[in-house]
Structure formats: C-alpha cells, structure tokens
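Structure record follows, encoded as structure tokens.
The values are calculated or read from the model by the stated rules, or taken from the named source; none is laboratory data. Not measured: the values here are computed from a predicted model. All Cβ positions, even for glycine, are placed from backbone atoms using ideal geometry, and neighbour counts span all protein chains on display. To get the accessible areas, we keep the full protein, side chains included, count just its heavy atoms, and leave off ligands, DNA and RNA. Shrake-Rupley method; radii C 1.70, N 1.55, O 1.52, S 1.80 Å.
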Amino acid sequence: MELSNLAMGKDGIGEIREADQARLVQCVNDALKDMYSRMLLSERVLLLQSFDWKSNYHLRKEHAMMDPSTEMKYIIDTPQNKFTGDLVKVLSVCNEVGDQLPLNDSEQWASVFLPHFDVVQLTHPGFAQVFSVSYQALHPVIESEGEGLLEQEIRIPTLLEDILRTRVAFGIFSAMSGQEFSTKAQQLESTYESKLSWIEQNNLIGDAGLNTNVKLHRRGFP
C-alpha cells in the first residue's frame, strides 16, 4: 500500500523485491522499537537472585543464566523463556512473598532504587533471595535473513497496524535522495506522530495492550 508506487514494491503487485526485503525488515524493527518504547505494549517479568554482598544489579542479557558469556549470573531464565535484554524500563519489583516494594523512596526501609534505567539497587539484599522484576519490554527482533523472512509475526494491537505501516514507509522514504522523497518522508512522519499522539492522549491502548499477531505479508506489507 504505502510502498506500492516504489520500484521495491514491484509497482503495486503486492510483493517486495527480494533485494529490498532486509531493508524493509530493518525499518519494521526500527518502527517497533519506537512504538514499544513510547507505549506499554508488552510487560514481562524476570527473576533476580541476590547476593548478600552485592547491591547493584544490571539487567543485561550477559547476566542471564542462559547467556553463554562469562559474566556474573543473577538473572534466572530458562531455554523456553530467555532474557534477551529487551528492557525499556523497570515498572515494579516484588520480594519473595510477592509483596511489591517501594521504588526510589528514601524514607522507606525496604525501598528499591533505580539509579539507571537498567539497574536495580537492593539496599538490604540477602543471599540467594529471589525478586521478581516487572518491566516494559521491546518487541522481539524481526530477523532480517533466513527462511520464512516474510512469515515472521508482528505483535501489535489492531489499532496500531496502519500506524506501523506509516512508520515503516517513513523509514523507507527518509533514506531516499531527492526532494520528492524528502517531502513524502516529512508527510509520513507528521502523520505518524499525529496518530500516535492521539492514541497516547486518549489512552486507547491502555497498559500492556492486547497483542495480535500480524505477519509481514499482511496489512500492506508484502
């Protein structure tokens, strides 16, 4: 649809040239990262195991038990539920009995602090205590090569499908040279920002909006 008049869209026949598919996927990833960062579209939970001598815990994938790196491990994950470092921001922290702990409250003895977006500071950690950390998560990365490239699923609410297409088209046109393409990119960016702001202001998605699975070959993609 948005790309139908471009050569990469094979002049509107509903496909994307193979040579341009990786470029399209990159634009999809950029769009999803922007949208998932600005709205709470996915909320995940990780388990954090503490040490009695350590206060600061970096929520990065190299500290996950399933990650092959040699860094200290304190994020408990499994082969079926790996922590990939998809964190946008921490939303809440609960102790072992499920009680939610205060955040960044210096007047509360049990408060947890967030000195950085991906750092949890425990003020009174015990050995091998397990805390659950809820966080706003990014969309899983869409792979840009391999079989089934265009069969990968995009998880967004139906309300955001046309906005995603607009953001992807902006990414395509903004990388092209020429006044015509520059003007088109500006129009698409303005449309994207306007529609997204309207949805945010009216809270039409809400917290952790219901995700639908949309394959790349649907909704205006090839």
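Other residues lying with their Cβ under 12 Å from the Cβ of residue 200 contribute a combined charge of +1, Lys and Arg counting +1, Asp and Glu -1. Debye calculation, C-alpha points only, no solvent: report log10 I(q)/I(0) for segment 15-136 at q = 0.11, 0.19 Å⁻¹, in the same order as the q values. So the normalised log intensities work out to -0.45, -1.05.
What is the sum of charges around residue 126, taking Lys and Arg as +1, Asp and Glu as -1, for the other residues whose C-beta is under 10 Å from the C-beta of residue 126?
Working: positive: none; negative: 52, 96.
Result for the local shell: -2.
Between 72, 120, 24, whose Cα lies farthest towards the positive end of the dipole of the chain when Lys and Arg beta carbons carry +1 and Asp and Glu beta carbons carry -1, centred on the Cα centre? The residue sitting farthest along the positive end of the dipole is 24.
Ordering of 159-170, 139-150 by packing is 159-170, 139-150, highest average first (other Cβ atoms within 10 Å, averaged per residue).
The residues of the chain have, on average, 55 Å² of accessible surface per residue, using a 1.4 Å probe with all protein chains present. Rounded to the nearest 500, the helix-only mean residue ellipticity at 222 nm of the chain stands at -8500 deg cm²/dmol, with each DSSP H run of n ≥ 4 adding -39,500 (n - 2.57).
Between residue 104 and residue 151, 0.36 nm times their residue separation minus their Cα-Cα distance comes to what?
Numbers: separation 47, 0.36 × 47 = 16.92 nm, distance 4.30 nm.
That pair, residue 104 and residue 151, stretches by 12.6 nm at full extension.
Taking a 24 Å limit on the Cα-Cα distance, which of the listed pairs 89/184; 33/61; 33/82 fall beyond it?
Values: 89/184 33 Å; 33/61 17 Å; 33/82 19 Å.
In this structure, 89/184 exceed 24 Å between Cα atoms.
Modelled spin-label separation between residue 82 and residue 144, with each label point placed 7 Å from Cα along the Cα-to-Cβ direction: 1.9 nm.
What is the extension gain from residue 55 to residue 180, computed as 0.36 nm multiplied by their sequence separation minus the C-alpha to C-alpha distance, in nm to one decimal? Don't skip to the end; give the middle numbers.
Numbers: separation 125, 0.36 × 125 = 45.00 nm, distance 5.46 nm.
My answer for the length gained is 39.5 nm.
Here is the size of segment 92-193 from its Cα atoms: Rg then Dmax, 21.8, 62 Å. The C-alpha atoms of the chain define a longest principal axis, and helix 161-174 lies at about 70 degrees to it. Stokes-Einstein diffusion for the chain, with the hydrodynamic radius set to the Kirkwood value over Cα pairs and evaluated at 4 °C in a medium of 1.567 mPa s, equals 66 µm²/s.
Subtracting the Cα-Cα distance of residue 203 and residue 159 from their residue separation scaled by 0.36 nm leaves 14.7 nm. Shown for the chain: the carbon plus sulfur share of the solvent-accessible area, taken with all protein chains present and a 1.4 angstrom probe, equals 47%.
Extending 7 Å from Cα along the Cβ direction at residue 89 and again at residue 130 yields two label points whose distance is 2.9 nm.
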